[in-house]
Amino acid sequence: MFANTKAFSGFAVDDVERAREFYGETLGLETSEEHGLITLHLAGDRGTLVYPKPDHTPATYTILNFPVDDIEAAVDELTGRGVSFERYEGADQDERGIFRGEGPYIAWFKDPAGNILSVLQER
């Protein structure tokens, strides 16, 4: 039934304009806005809808992962753009906030609405 549909994902924020600035300007993603909603135009030709929710509660899990070739360079670039990286108790993270345990190297950060995002590098 859905095998050939162009499914897309979405997530809520508490302030669409702050989200547009963060995703468009800070992260450098292509965005568009229509009817008070933002679409993030990510690789793979699948838009991700960002919609306002007045009683928004941030996701407690990673909503978007951005694969990168060089996680140190990505973390440094984002830090230079004002992004702060999360530190989680019990996680083996270095001084930049990069987790280097099992799986990919990963560093988490939040959007202005408190939703969790990450950059990750496959080994």
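Brief remarks follow.
- Of the trypsin sites (Lys or Arg not before Pro) in the range 1-87, the ones in a loop by DSSP (not H, G, I, E or B) with at most 15 other beta carbons within 10 Å are K6, R81, R87.
- R0 of 22 Å, Cβ-Cβ distance S84-T60: FRET efficiency to nearest 0.05: 0.80
- Global geometry of the range 60-123, whether rounded, prolate or oblate, following the gyration tensor of its Cα atoms and the 1.5 cut on a/c: rounded
- Scanning the chain for chymotrypsin sites (Phe, Trp or Tyr not before Pro) in DSSP loops with at most 13 neighbouring Cβ atoms within 10 Å leaves 9-60 as the longest stretch between them.
- Counting only alpha carbon atoms, the long axis of helix 71-80 and the longest principal axis of the chain meet at about 70°.
- Taking the DSSP beta bridges with both ends in the chain, the antiparallel portion is around 65 percent.
- Solvent-accessible area per residue for the range 30-86 (1.4 angstrom probe, square angstrom): 64 Å²
- Share of carbon and sulfur in the accessible heavy-atom surface of the chain [1.4 Å probe, %]: 49 percent
- Environment charge at P104 (Cβ cut-off 14 Å; Lys +1, Arg +1, Asp -1, Glu -1): -4
- Ignoring the sites themselves, the chain has its longest run without GluC sites (Glu not before Pro) in a DSSP loop having at most 15 other Cβ atoms within 10 Å at 1-85.
- Helix-derived mean residue ellipticity, 222 nm - over the chain, DSSP H n ≥ 4, -39500 (n - 2.57), to 500: -3000 deg cm²/dmol
- A straight line joining the Cα centroids of the range 90-120 and the range 1-62 runs 20 Å.
- Contact order, relative form, for the chain: 25 percent (alpha carbon pairs under 8 Å, 6 or more residues apart, mean separation divided by residue count).
- All C-alpha pair distances within the chain, sorted into 10 Å bins from zero, spread as 12, 42, 33, 12, 1 percent across the bins.
The values are calculated or read from the model by the stated rules, or taken from the named source; none is laboratory data. Remember, it's a predicted structure, so these values are computed and weren't measured experimentally. Please note: Cβ atoms are built from the backbone with ideal geometry, for glycine as well, and neighbour counts cover all protein chains shown. Heavy atoms of the whole protein, side chains included, go into the accessibility calculation; ligands, DNA and RNA do not. Shrake-Rupley method; radii C 1.70, N 1.55, O 1.52, S 1.80 Å.
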